[in-house]
Structures are given as C-alpha cells and as structure tokens.
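Notes follow the structure.
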C-alpha cells in the first residue's frame, strides 16, 4: 500500500534511511516533513522497519541530545524520551521542522547497515542518502 499526500498531512510517520557510512536514522514527519518517494511507495516496508527497531535489543543505555533541542521545546525531558529509545538501539533520531529534519538524539554506538539481518538491510538500503553523514548533519532536507 502506498502512502498518499493526505496521509503525510495527518499522520506522524516514522521512516528510516541510511547515510554514506551505513549509519541508520529515523525521521518523524510530524505531519509536515518531506518524505522520500521510496518511503511513500510502501507503507508495509515502513511498518516492517518500525516493528524491527521497536523489538531490537538496545545497543547502549547512552545517547546524546542535540545541543539545540532546548530552542525547540520547553519540556526537553518529555520531548527527548519520544526519540531516545531509537538512539539507545543505535539509530540517529530526527524530527521534522517545516520541510527539513533536525537531530534530536544521537546514538553513542551507531548501528550500521552491515550489522542488520539481510531482509532489514535490503529494505533500509532503498532509502540511502549517499552525500549525507548523520553524525555531522544539523539539518537534513530529503528529496521527495
């Protein structure tokens, strides 16, 4: 099943991508973020990845919070808790701000594409940002 433009306006979709180093990031669309075509073409694959990372073991109890996060929200602890579970599993976590995404939490031990089961890696590889490094990015504007 495809994701429609209307779905993007009303749903907070969490989608995943891979960077140039094989690191993985999750992006929360917040009903306003741009979502790549590779994600819009398969709601089932998006759900598959979300379920996989939801049930995956934590790589570390530690993660860091982006230093600019206090300018986004008043209740930092509550806001960060919605993203920190991903970074404890080795995934960079981004939230939408307008049409771009900014980092919320950063894993101490990033998970790499080659660390994952092949069926998960194959789905993730469909959305790869070859010129992007999640560890350095203060903002990401994915192409739709």
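Distance from the C-alpha centroid of segment 36-58 to that of segment 103-144: 13 Å, rounded to the whole angstrom. Residues within the reach of a label modelled at residue 57 (point 7 angstrom out along Cα to beta-carbon, backbone nitrogen below 20 Å), restricted to segment 83-102, are 85-92.
Only the coordinates and a few stated rules stand behind these numbers; no lab work does. Not measured: the values here are computed from a predicted model. A quick note on method: Cβ atoms are made from the backbone with ideal geometry, for glycine too, and the neighbour counts reach across all protein chains shown.
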